[in-house]
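Here's the structure we're looking at; comments come further down.
The values are calculated or read from the model by the stated rules, or taken from the named source; none is laboratory data. Fair warning: this is a prediction, and the values are worked out from it, not measured in the lab. We place every Cβ from the backbone using ideal geometry, glycine too, and count neighbours over all the protein chains shown.
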Amino acid sequence: MILMLNGVSSSGKSTLARALQERWPRPLLHLGTDTVIGLLPVRYAGMQPSAREGIEFTNDADERGPVVRVRAGSIWRQLEASFARAVRLLADDGHDVVLDLVLFDRSCVDAWVRALHDHRTYLIGVHCDLPVLEARELARGDRFPNLARAQQAVVHAHRRLYDLEVDTTSRAPEELAGAIVAFVGEHPSPRSMSRLHAELLGR
């Protein structure tokens, strides 16, 4: 079984994933976008010119002021597709997995849908109010400022197809983990990934 947590940076996905690991009746492996970034040489992730082929962060602006946007280069797209297939192999071998993802563009979504559409995969939207997101972002100190705000408009593009949505603004990770465990027990057949596959890939 695969639990796919999708949300913007600093929305609480990693903390929620760890809480799920504590509540899950079997070993639950935690992997995600940060895992993929960590596989790359440093020069392929960031604002330097070489990151254009990897995962590039660029300064931009919206109606409120400066933001940082994310762009996937060819190396990143290939690596994420390979990583998605590796997660599929883990599931094929009987491992339960919780994925902590930021699906920031269509190529990201496609890679995961192609790999996991025929597996028991729950796509779960993780939300958080913007003021709380921005406060967490500043407190962490390891994220670009205003990264989360730029992602909000794109990460939940397929929200209507989620199996479940949770909000970390004011609810504790342990409470949300319990709600997810209960939902999975009551809904043994998730539908989001097969629906995405039919909608995005025409099958």
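Listed here are the residues, each with its yes/no results for (1) out of contact with any strand residue (DSSP E or B) (no Cβ under 6 Å at 6 or more places or on another chain); (2) surrounded by fewer than 16 Cβ atoms within 10 Å (Cβ to Cβ); (3) within 20 Å of Ala84 (Cβ to Cβ); (4) in contact (Cβ under 8 Å) with a residue 60 or more places away in the chain.
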| position | (1), (2), (3), (4) |
| --- | --- |
| Ala17 | no, no, yes, yes |
| Glu22 | yes, yes, no, yes |
| His30 | no, no, yes, yes |
| Leu39 | yes, yes, yes, no |
| Ala45 | no, no, yes, no |
| Gly54 | no, no, yes, no |
| Thr58 | no, yes, no, no |
Filter pass, Arg203 being of a type outside the set (S, T, N, Q), over 15 Å from the mean Cα position of the chain (by Cα) and either within 22 Å of Ala115 (Cβ to Cβ) or at pLDDT below 95 (or both)
yes
Identify the residue in the stretch 156-169 that is surrounded by fewer than 15 Cβ atoms within 10 Å (Cβ to Cβ) and more than 14 Å from Lys13 (Cα to Cα) and, among all such residues, is farthest from the chain's Cα centre (by Cα).
Arg160
Within the stretch 112-148, the residues that are touching a Lys or Arg at 6+ places or on another chain (Cβ under 7 Å) and closer than 24 Å to Val184 by Cβ are Ala115, Leu116, His119, Gly125, Val126
Determine whether Leu123 is in contact (Cβ under 8 Å) with a residue 60 or more places away in the chain and either closer than 24 Å to Ser82 by Cβ or under 15 Å from the mean Cα position of the chain (by Cα) (or both).
yes
Which strands (runs of 3 or more DSSP E) does the stretch 1-91 wholly contain that include 3 or more residues that are touching a Ser or Thr at 6+ places or on another chain (Cβ under 7 Å)?
65-72
